[in-house]
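*Asks:* The structure is given below, and queries will be raised subsequently.
The values are calculated or read from the model by the stated rules, or taken from the named source; none is laboratory data. Fair warning: this is a prediction, and the values are worked out from it, not measured in the lab. Reconstructed Cβ throughout: ideal geometry from the backbone, glycine too, with neighbour counts over all protein chains shown. Remember, those area values only see protein heavy atoms, side chains included, never the ligands or the DNA or RNA. Shrake-Rupley method; radii C 1.70, N 1.55, O 1.52, S 1.80 Å.
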Amino acid sequence: MHTIHPIIQGLKGGLIVSAQAYPGEPMRTPDTMARVALAAQQGGAVAIRCQGLADIAAIKGQVDVPVIGLWKEGHEGVYITPTLRHARCCIAAGCDIVAIDATRRPRPDGRTYAQTVAALHEEGAIVMADCGSLADAEQAALAGSDILSTTLSGYTGEREKTDGPDFELLKDMVREFSDFPVICEGRIHTPDQLAQVMECGAWAGVVGTAITHPTTITSWFAARTPQGLAQ
């Protein structure tokens with residue numbers, strides 16, 4: 001039986017908000033992201049997912065809910081907390097849970113996913129496995145990951161990128177790994193989609209763009225105006 005950490009128990013049935021900004025964007029400062037995270041907490045988020053050591057530290061200093069930290073380096077292959085060193089740095093920055101790429105692709109430091117998880121568990125870390133397929137989830141479960149997530153569905157070439165959440169993968173993961181908390185992340189754009197995710201058995205749902213990325217949200221609205229439709 002898979003043991004579920006009390007911090008993860010507290011996420012059950014809740015909304016996790018991803019507060020991230022990308023290089024060159026106006027909101028790309030730790031202070032801004034910390035304010036966004038605090039606003040999300042006040043709106044009902046049970047945890048905050050964030051990227052980068054400065055953002056992790058700034059957000060941890062503002063919110064009372066658990067912080068899921070990651071460190072993106074690069075744009076191809078394994079780039080979400082790609083090595084054990086990256087994961088350790090996220091933990092040192094203050095995150096309560098560290099999210100790492102759990103795909104079966106080669107890792108930059110030569111370690112296997114299982115070796116990375118084992119080392120982190122020896123140090124008392126809680127690991128969220130960002131998966132792109134059912135086979136990834138199987139690897140993550142065998143390695144003893146604390147959380148399984150659909151984060152990378154549609155981004156690794158194994159599955160088609162769906163317009164909304166990958167409900168099929170979510171249902172498969174919930175069915176196959178019933179002992180594990182399975183979180184749905186990726187393209188949850190409406191409250192109704194989040195409700196559907198919960199109905200599929202997700203432990204929690206992660207919403208990012210639709211809450212914390214005003215540039216994208218603005219573009220959705222602008223595209224429906226006469227000017228946007230004419231383009």
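*Asks:* Out of curiosity, is Asp172 open to solvent by 40 Å² or more (accessible area, probe 1.4 Å) and more than 17 Å from Gly14 (Cα to Cα)?
*Replies:* Details: open to solvent by 40 Å² or more (accessible area, probe 1.4 Å): no; more than 17 Å from Gly14 (Cα to Cα): yes.
So Asp172 fails the test.
*Asks:* Let me spell it out: the conditions are (1) among the β-branched types (Val, Ile, Thr); (2) farther than 23 Å from Leu11 by Cβ; (3) open to solvent by less than 20 Å² (accessible area, probe 1.4 Å), and Thr116 meets all of them except one. Which number is the exception?
*Replies:* It fails just one condition, (2).
*Asks:* Do we have any residue at all in segment 53-62 that's part of a loop (DSSP other than H, G, I, E, B), over 13 Å from Asp96 (Cα atoms), modelled with pLDDT of 95 or more and more than 15 Å from the chain's Cα centre (by Cα)?
*Replies:* yes
*Asks:* Have a look at Pro106, Pro23 and point out the one that is open to solvent by 60 Å² or more (accessible area, probe 1.4 Å), farther than 23 Å from Gly144 by Cβ and either small (Gly, Ala, Ser) or not in a helix (DSSP H, G or I) (or both).
*Replies:* Just one listed residue meets the conditions, Pro23.
*Asks:* Give the residue that is most open to solvent (accessible area, probe 1.4 Å), with candidates limited to residues of segment 119-143 that are touching a residue at least 24 places away in the same chain (Cβ under 8 Å) and part of a loop (DSSP other than H, G, I, E, B).
*Replies:* Glu123
*Asks:* Let me ask something additional. Those residues that are touching a Pro at 6+ places or on another chain (Cβ under 8 Å), in contact (Cβ under 8 Å) with a residue 24 or more places away in the chain and either on the phi < 0 side of the Ramachandran plot or open to solvent by less than 30 Å² (accessible area, probe 1.4 Å) (or both), I need them from segment 73-93; list them, please. Full working, then the answer.
*Replies:* Going residue by residue through segment 73-93, those that are touching a Pro at 6+ places or on another chain (Cβ under 8 Å) are 73-74, 77-78, 82-83.
Adding the requirement that they be in contact (Cβ under 8 Å) with a residue 24 or more places away in the chain leaves 77-78, 82-83.
If the condition is that a residue be touching a Pro at 6+ places or on another chain (Cβ under 8 Å), in contact (Cβ under 8 Å) with a residue 24 or more places away in the chain and either on the phi < 0 side of the Ramachandran plot or open to solvent by less than 30 Å² (accessible area, probe 1.4 Å) (or both), then Val78, Pro82, Thr83 are the ones that fit.
*Asks:* Of the conditions (1) among the polar types (S, T, N, Q); (2) open to solvent by 40 Å² or more (accessible area, probe 1.4 Å); (3) part of a helix (DSSP H, G or I); (4) farther than 29 Å from Ala119 by Cβ, Thr216 satisfies every one except a single condition; which number is it?
*Replies:* With respect to (1) among the polar types (S, T, N, Q); (2) open to solvent by 40 Å² or more (accessible area, probe 1.4 Å); (3) part of a helix (DSSP H, G or I); (4) farther than 29 Å from Ala119 by Cβ, Thr216 is out only on (2).
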